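Right, one structure below, let's go through it.
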Amino acid sequence: MYGFAAIDYSKCDGIACITLNRPDVLNRYNVQMRDELYQAFTAVRDDADVLAVIIRGAGDRAFCVGADLTEFGTAPSPVIARQVRWERDVWGLMASLEQPLIAAVHGYVFGSGMELALFCDIRIASDDAVFGLPEATLGMIPAAGGTQTLPRTVRTGTAIKMLITGERIDAGEALRIGLVNRVVSRKELLPAAEAMALGIAGRDPFAVRSAKRAVKQGLELALEDGLALERRTAVAVRRSAS
């Protein structure tokens, strides 16, 4: 579609599939991948035919082991690096998408790879998946939303522990703490994600997007205001169906 190199993008039956495609380096997140992901997510945003999105990693060993620190460290200056970061804000773009995002993760899911999965709405993991945010062990903190998305997904204390220790957890523990929604065998991973996506695509698109929007916006509101938001949204969905 775009002549991508660091990712693959395909679409079928209303499902967009984005594959991180640098398996020789465990799908390490580099500048080219960032730019191509920005293009792919922009295409998703602007395509009314896309009803759900699957994000996966190529190769046998990893979904993504995090950012290529040597490459990102070669930016001309902090000012330019910050400017590029905001002009190509993959994470903000993901957060703004109305279509449900499904992460199908396997193997190593570290750093930016885990943060990418956290920006998805549903996470399905293979039973060999290992998760971690190792930035603290390198004298850093996550810079792609991890300090904000992780405690919105798991208990605050659990999130802080993972963030400050850099500990790794396996798929079973990830399921126990609510980091992932389901664990399957490696062989079942893509079929499970595709079945989930096709099920979503078979629902009313306006109702699906409205439900996602109500949850996302409601999390930032007091309960009373969130309930009012739900009432308005429910009325809009009923009207659209009539």
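The values are calculated or read from the model by the stated rules, or taken from the named source; none is laboratory data. Every value quoted in this text rests on a predicted model; they were computed, and no experiment measured them. Here Cβ is always computed from backbone atoms with ideal geometry, including for glycine, and neighbour counts include all displayed protein chains. Note: areas computed on protein heavy atoms with side chains; ligands, DNA, RNA excluded. Shrake-Rupley method; radii C 1.70, N 1.55, O 1.52, S 1.80 Å.
Here are the numbers for this structure:
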| item | result |
| --- | --- |
| Cα gyration tensor shape for region 21-60, rounded if a/c is under 1.5, else prolate or oblate | oblate |
| Net lengthening on full extension, residue 161/residue 143 (0.36 nm per residue, minus Cα-Cα) | 4.8 nm |
| All aspartates and glutamates inside 18 Å of residue 216 as judged from Cα atoms, apart from same-chain residues fewer than 8 positions distant | 98, 115, 121, 224, 225, 230 |
| Shape of the chain, Cα gyration tensor, a/c cut at 1.5 | rounded |
| Three-way shape label, region 143-242, alpha-carbon gyration tensor, a/c 1.5 | oblate |
| Value in Å of the Kirkwood radius, where region 93-132 supplies the Cα pairs that are averaged | 10.4 |
| Extended-chain gain in nm, criterion 0.36 nm per residue less alpha-carbon gap, residue 128 and residue 177 | 16.0 nm |
| Accessible-area order (highest first, 1.4 angstrom probe) of the listed residues 51, 221 | 221, 51 |
| Nonlocal amide H pairs with residue 67, under 5 Å, H built at 1.01 Å | 29, 112, 113 |
| Residue 239-residue 152 pseudo-label distance in nm [points 7 Å out on the Cα-to-Cβ vector] | 2.7 |
| Near-label residues of region 125-146 by backbone N, under 20 Å of a point 7 Å along Cα→Cβ of residue 188 | 125-131 |
| Label-point gap, in nm, between residue 225 and residue 89 - each point 7 angstrom along Cα→Cβ | 1.9 |
